[in-house]
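Coordinate-derived values only; no laboratory data. Here the structure is a predicted model, which means the values were calculated and not measured. Here the Cβ positions follow ideal geometry from the backbone for every residue, glycine too, while neighbour counts run over all protein chains shown.
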Amino acid sequence: MNSFSSSLPRFYGESRNSPLTTSGVARIFSVHPSTVRRWCDQGRIKFHRASARGTRLFKREDIAIAYLDRSIRSCLKNI
């Protein structure tokens, strides 16, 4: 494992292909689950509805992209 990949957060779940829940995404970003829901409503994170109740599930690839986007924006803000 190289130094770049070791600095990324661990994407929780049973396997690399299992989708993430709202709580799992919140842990990765260190935010409250309500923040993740708001980001979804704003279109900042892609998600899929898992049930009639409206449970959100997230592809790991989409969360990795959102995490990197947020990190880059944060770095650029400090320049």
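Computed values, structure above
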{"read-out": "Difference of contour (0.36 nm per residue) and Cα-Cα distance, residue 72 to residue 16", "value": "17.8 nm"}
{"read-out": "Dipole moment magnitude, nearest 20 debye, region 18-77 about Cα centre, only Lys, Arg, Asp, Glu C-beta charged", "value": "120 debye"}
{"read-out": "Stretchable slack from residue 64 to residue 52, in nm (0.36 nm times residue separation minus alpha-carbon distance)", "value": "1.7 nm"}
{"read-out": "When the convex hull of its Cα atoms is projected in every direction, mean area for region 18-77 (nm²)", "value": "4.1 nm²"}
